[in-house]
Structures are given as structure tokens and as C-alpha cells.
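The values are calculated or read from the model by the stated rules, or taken from the named source; none is laboratory data. Quick caveat: nothing in here was measured; it's all calculated off a predicted structure. Backbone-built Cβ (ideal geometry, glycine too); neighbour counts: all protein chains shown. Ligands, DNA and RNA are excluded from the accessible area calculation, which covers all protein heavy atoms including side chains. Shrake-Rupley method; radii C 1.70, N 1.55, O 1.52, S 1.80 Å.
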Amino acid sequence: MHYQAERSWDYYMPATAARDPVDRVVRLAAGSAVVIFSVSSCCMCHALKRLLCGMGVSSTVYELDHDPRGKEIERALMRLVGAASPPVPVVFIGGKLVGSMDRVMASHINGSLVPLLKEAGALWL
């Protein structure tokens, strides 16, 4: 897993970029094959990161509690996944929103997660 530090947000989103947090999330999600938005103290986030790591996937992880704009990104994620789902963890594969933990686990159980990861170039099995 590759964890992004606080300064990396500025690298991906310079001051001249769009100010809309949803646009910011979409741009960050497009930066790697697998992107996880997480909170470091969340057990579900940890379980999801371990699942993908155990499959051999190298994810880019944005820990929202380590970023000064984390709450803003969290609200944007809630807009994307819906208010009924928890705001983290949220996974993007190949720049496309997969969803929160329940969606990722459902994809894993029904067998659609591995093909999705292969298509994005995150798995070479």
C-alpha cells in the first residue's frame, strides 16, 4: 500500500484546480489503479486495506484524518456513495467508484472483484 502524506494532496490538487471537493475526489481517484479513502482508526478501513493487500493489490491510501481537508473530502464521499453508507472506506478501481466496504465485499464474494482489479491493471494473475 502506498500512503499519501498531507503534502501530496497539494501535489495532486494545486490551488488553481477546481474547488469542488467531488472534483478533487475524482481527480485523486484517477491517479492510481486502486485508491482507498480511509480513516486510520477505522476497523472497517483496516479490514478493507488488508483484504486488498492480501490479494496482492498495491493501493494508494488517503488517510482523511491526516489531511487538513479530510472532513471536506469525507463530505464529498458521502455525496458520492449516498448518505445511507458510511463515508469511509471508499474504494475506486480504475478511476471508477466501487463503493464502501459492503460493495467491495459483495464484489469479492460474487467473484466480480478480481476481474475488475485485473482490468484496472492492479492484478496480474
Output the peptides 108-121, 76-89, 28-41 sorted from most to least packed, where packing is the average of other Cβ atoms within 10 Å over each peptide's residues.
-> 28-41, 76-89, 108-121
Estimate the FRET efficiency between residue 124 and residue 43 by the formula 1/(1 + (r/R0)^6), using the beta-carbon distance for r and 30 Å for R0, to the nearest 0.05.
-> 0.50
³J(HN,Hα), Karplus 6.51/-1.76/1.60, whole Hz, each residue of segment 62-71, x for Gly, Pro | 10, 7, 5, 6, 9, 10, x, 9, x, 5
For segment 101-115, what does the Karplus curve 6.51 cos²θ - 1.76 cosθ + 1.60, with θ = phi - 60°, yield as ³J(HN,Hα) per residue in whole Hz, taken in order and with x for Gly and Pro?
-> 3, 4, 5, 5, 5, 4, 5, 5, 5, 7, x, 8, 6, 4, x
Taking square-rooted eigenvalues a ≥ b ≥ c of the alpha carbon gyration tensor, is segment 14-71 rounded, prolate or oblate, where a/c under 1.5 means rounded and, failing that, a/b exceeding b/c means prolate?
-> oblate
Take the solvent-accessible surface of the protein heavy atoms, probe 1.4 Å, and return the percent of it on segment 18-90 that carbon and sulfur atoms account for.
-> 56 percent
Can you list the HN-Hα couplings for segment 19-30, worked out from phi with the Karplus curve (6.51, -1.76, 1.60; θ = phi - 60°), rounded to whole Hz and with x for Gly and Pro?
-> 8, 5, x, 5, 4, 4, 4, 4, 5, 5, 5, 7
